[in-house]
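Here is the structure we will look at, set down as structure tokens.
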Amino acid sequence: MLFLPLLFGTVIEAQAVLQGAGDYEYSSFIDDIFGEVAGAEALTDRNQQIQLGQLSLSVESPVSASSIFRDNKLHLPDNDDLSDFTKYIPLYSGIVTFAHIEQADCFFDPDTKIDVAIVGAPFDSGVSYIPGARFGPNGVRQGSRRLGGGLNPIRGNTPDSKLRKLDPYHSGLKIVDCGDVPMTPFDARVALNQLYRGERAIHKHRTATSHYDNTRIISLGGDHTTTLMNLRSAYESFGNDSLAVIHFDAHIDTWDPEVLGGGISKYAGLNHGTFLHYASELGYVAKNHSIHVGIRAPYITEGDIKHDRDCGFQKITSKDVDILTPRGVGRKIKEVVGDRKVYLTFDLDTFDISYINSGTLEAAGLNSREVLTILDELEGIDLVGCDIVEVNTPPNSVGLDNTGLLAAQVVDSLLGLMVVTDVN
Ligand SMILES: [Mn+2]
């Protein structure tokens, strides 16, 4: 009981300043909640008393908490009135979609117009080290609950950036959450084909207001093997021309299947460290216009360096970020991709081990500001598809919340990059 009168005393002091200064009606936050705390006359008298030193802000204050509640009874709505349910929805409540965007039936209702679709790829049967990314789509959505609206003071790198003025969630584009592609955990070959067919079905939707004819996809992984299917569907849907691939990762992921897979079987050869070898071989990767960012994991054989170059990739290591600066890294990436159509794939292990849980953690990684600055520097690229992968958020895992939250923040940036070129 000691604190409430002091709190209200402070409010009344603030009110005295405003009343003294002007000739407008003033309603305080407390007034809005409890009704008028005290009559205007009583307040004026009391303020004068305080200013003259005749009244101190003590527990003997005539405006006590009990008198406030007694004089300002709560008036609840009618028993059958639910109109206030739509006025304020807590961000931690409700059925969870990415950033509270609407859910759509992307697979069985081909007539729905969609500009950007978010879809989960819950799969981790291609991991060489730590499984758990099958829970990634759910982890990203849980981590995205505070997103979904409003301008962001750090979106965009400069005050005159278009991103700085962008609220991607209310830009006029139709952005939906498709839920997840149901990928069987028991046969990776079938599961990856399910993902391909799911993405193909989404890509076939027409757009609502976007200047692209086909729906663009942001995929939530899932281990990095899933990117091969994302790339395949994007490549086929956007002109059958190779895509400039921006690959954020601690690892090169172009390993020869004979090297990472051991030549045991063809099935074993396709995994989260070899998918870019296959993507390159299949012609999805625009050679000389594709780049790795954040590389730092050891090579497996000496031949890996040449093989990686043959797959068409340049690279920026994690230490290069110190030399080039994050904005310099962004400029370098833009130089490399030019005006080609771009696919961006983001392995969460780009971040340092101190931030996240992922499939193959590596020390000496990037921090969250560096990543967000690099991504925003890519403003203007022709981004036709992207994904976040290796989001390890299995039940009871350490660091689960931060992992999902950081992954969601990356998706938020990717969404900004997709939307910014599509609005005036
Ligand atoms: Mn990877």
For region 265-313 the number of residues that are surrounded by fewer than 19 Cβ atoms within 10 Å (Cβ to Cβ) and either under 28 Å from the mean Cα position of the chain (by Cα) or of a type in the set (D, E, K, R) (or both) is 8
Quick check on region 344-365. Is at least one of its residues more than 16 Å from the ligand (Cβ to nearest atom), within 18 Å of Val116 (Cβ to Cβ) and buried (at least 24 other Cβ atoms within 10 Å of the Cβ)?
no
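Among strands (runs of 3 or more DSSP E) lying entirely in region 169-285, which contain 1 or more residues that are within 16 Å of the ligand (Cβ to nearest atom) and within 25 Å of Arg145 (Cβ to Cβ)?
On the way: elements: 175-180, 216-221, 244-248.
Per the criteria, 216-221, 244-248.
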Take region 171-191 and flag every residue that is within 16 Å of the chain's Cα centre (by Cα) and among the polar types (S, T, N, Q).
none
Checked Thr207, Thr227 against criteria (touching a Lys or Arg at 6+ places or on another chain (Cβ under 7 Å) and either surrounded by fewer than 18 Cβ atoms within 10 Å (Cβ to Cβ) or in the same structural domain as Asp339 (by TED's automatic domain parsing) (or both)); the one match is Thr207
Given the options Thr373, Thr301, name the one that is away from the ligand (no atom under 16 Å from the Cβ), part of a loop (DSSP other than H, G, I, E, B) and modelled with pLDDT of 95 or more.
Thr301
Of those in region 78-130 that are surrounded by fewer than 18 Cβ atoms within 10 Å (Cβ to Cβ) and touching a helix residue (DSSP H, G or I) at 6+ places or on another chain (Cβ under 9 Å), the residue nearest to Ile388 (Cα to Cα) is Val96
The correct count of residues that are more than 16 Å from the ligand (Cβ to nearest atom) and touching a Ser or Thr at 6+ places or on another chain (Cβ under 8 Å) in region 386-396 is 1
Among the candidates Asp253, Asp241, residue that is closer than 26 Å to Ile218 by Cα and surrounded by fewer than 19 Cβ atoms within 10 Å (Cβ to Cβ)
Asp241
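The values are calculated or read from the model by the stated rules, or taken from the named source; none is laboratory data. Model, not experiment: these values are computed from the prediction. When we count neighbours, we look across all protein chains shown, and the Cβ atoms used for this are built from the backbone with ideal geometry, even at glycine.
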